[in-house]
Amino acid sequence: MTGRHPLWLDLTGRLVVVVGGGPVATRRAGRLVEDGAHVTVVAPAITEELAALVASGDLRWEPREYRAGDLEDAWLVHTATGVRAVDDAVAADAQRARLWCVRADDAAISPAWSAAVARSGDVAVSVSAGGDPRRASALRAAIGLLLDTGALPVRRHRAGTGHVTLVGGGPGDPGLITTRGRRALAEADVVVVDRLAPRSLLAELDPEVEVVEAGKSPHVHTLTQDEINAVLVERAQAGLRVVRLKGGDPFVLGRGGEELAACLEAGVPVEVVPGVTSAIAVPGAAGIPVTHRGVARQFTVLTAHDAAPDWPTLARLEGTLVLLMGVAQLSGHAAALVEHGRDPQTPVAVVENGTLPTQRTTTGTLATIGQVAAERGVGNPAVVVVGEVAALAEVLGPR
């Protein structure tokens, strides 16, 4: 495969002819449509996928055998009929017309090849593997995974359009951030990070990336929310890729909605990458399913540190109650639930540092949890689970 010249083509609005209507032709025609080409398929019969593209108007179909003249005005030709004589005829016509023809039947005699391409975001890598399609496919998959997870250096070094990505970092363990979130971090020029975000991921950033601390703990804010919004907008308007890295999910008691609104109001492109919320993941890591057949079929999540919850209503709810940021007032919350009708013997579990090596679970009941937690020195970050499922921590929790 020496002497082959790799080349990327802009096919937008240009005619490409695909001869054949089987699975190989379908894959190639579909990719060409995605690349903006005007595609004509010549084949007596086509697959359902191609028929759907015809119905949507994305490509044109000539329902017949190939004939001379079908390549007129084309810029590129693909032939994948599975019939050697037909593919030979298409290739010969293309040669006479000085058109590049990609043959699916025999790479050794094809004058052009479709590379295996790994695509992720605005990065694409084409792979040639010495005429071995399976080898190329395996390499493409491996490179694609590295691109998707940000393991390759995908951060741009030329100026471009700035934007903001709100990334949910998950409950704590850096392995629980989504692949898309990892990719956004790898592309970032600026990272605005929360206290409970998976901060070990910051060590993987390019040294040139600006890290802005926006951590919040009860009554202590590094930046106010208005200041955080301003940083996101200002950096993006300066042409930078900004990641707002938050713990859990941006829209679960994370004020992500306010940050999204600030970006939209300023006309800044913004994307939301959801995260695994600690309200579900932390109990799960402790062996506590927030719903469980025959025990609880619903759950309620609330923040319990900056407002007076509606305890009469909460005490009457069925299912599981999950309190975030509620450790400081745990005794008072438990007493309020009992005062408004919840059984004092209702199981309670408090999970500290969920999903991290320092995870610890403290169990009790509404009548006892305040004292037990105080004796054990329970502190934030922690998730409080109230309900019958909390007792499952003793049965299903890690050993």
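Bear in mind these aren't lab numbers, they're just calculated from the coordinates by the rules spelled out. Not measured: the values here are computed from a predicted model. Note that each Cβ is placed from the backbone with ideal geometry, even for glycine, and that neighbours are counted across all protein chains shown.
Going by the alpha-carbon gyration tensor, a ≥ b ≥ c the square roots of its eigenvalues, is the stretch 31-76 rounded (a/c under 1.5) or, if a/c is not under 1.5, prolate (a/b greater than b/c) versus oblate? Oblate, because a/c is 1.5 or more while a/b does not exceed b/c.
Along the stretch 251-266 the Karplus relation, 6.51 cos²θ - 1.76 cosθ + 1.60 evaluated at θ = phi - 60°, assigns HN-Hα couplings of 9, 10, 6, x, 6, x, x, 5, 5, 4, 5, 5, 5, 5, 5, 7 Hz to successive residues, with x for each Gly and Pro. Projected label points at ALA367 and THR291, each 7 Å from Cα along the beta carbon direction, are separated by 3.1 nanometres.
Convex hull volume of the C-alpha atoms in the stretch 239-322, normalised per residue: 131 Å³.
For the stretch 56-135 versus the stretch 252-323, the spacing of their alpha-carbon centroids is 52 Å. Across the chain, Cα pairs under 8 Å and at least six residues apart give a relative contact order of 11 percent.
Assign one of three labels to the stretch 279-396, namely rounded, prolate or oblate, based on the Cα gyration tensor with a ≥ b ≥ c the square roots of its eigenvalues; rounded applies when a/c is under 1.5, prolate when it is not and a/b is larger than b/c, and oblate otherwise.
Details: a/c = 1.44, a/b = 1.12, b/c = 1.29.
Rounded shape, in that the Cα axes give a/c under 1.5.
Placing +1 on the Cβ of every Lys and Arg and -1 on the Cβ of every Asp and Glu, with nothing else charged, gives the stretch 163-276 a dipole about its Cα centre of roughly 320 debye.
Each residue in ASP206, ASP249 was given a count of other beta-carbon atoms within 10 angstrom of its own, and listing them fewest first yields ASP206, ASP249. Charging the Cβ of each Asp and Glu at -1 and of each Lys and Arg at +1, and nothing else, the dipole of the chain about its Cα centre rounds to 840 debye.
Listed by Cβ neighbour count within 10 Å, with the fewest neighbours leading, TRP75, TRP8 appear as TRP8, TRP75.
With a Förster radius of 41 Å, plug the Cβ-Cβ distance of GLU208 and ALA45 into 1/(1 + (r/R0)^6) and report the FRET value to the nearest 0.05. It would help to have the intermediate numbers written out before the result.
On the way: r = 55 Å, r/R0 = 1.35.
Efficiency, from the Cβ-Cβ distance: 0.15.
A simple spin-label model places the labels of LEU145 and ARG255 3.9 nm from each other, with each point 7 Å out along Cα-to-Cβ.
Can you compute the FRET efficiency between THR313 and GLN225 using 1/(1 + (r/R0)^6), with r the Cβ-Cβ distance and R0 = 35 Å? Round to the nearest 0.05.
0.80
Here the spin labels are modelled as points 7 Å beyond Cα on the Cα-Cβ line, and at ALA55 and SER331 they lie 6.8 nm apart.
Applying Stokes-Einstein at 25 °C and 0.890 mPa s to the Kirkwood radius of the chain, computed over alpha-carbon pairs, gives a translational diffusion coefficient of 97 µm² s⁻¹. Using only the Cα atoms of the stretch 1-114, each taken as one equal point scatterer with no solvent, compute I(q) by the Debye sum, divide by I(0), and report log10 of the ratio at q = 0.11, 0.12, 0.23 Å⁻¹. Listed by q, the Debye log ratios stand at -0.31, -0.37, -1.41.
Expressed as a rounded percentage, what relative contact order does the stretch 28-143 have, with Cα pairs under 8 Å and six or more residues apart? That works out to 14 percent. Sorted fewest first by neighbouring Cβ atoms within 10 angstrom, ILE109, ILE369 come out as ILE109, ILE369. The alpha-carbon atoms of the stretch 163-276, seen along their principal axes, cover 33, 32, 22 angstrom, with the largest extent given first.
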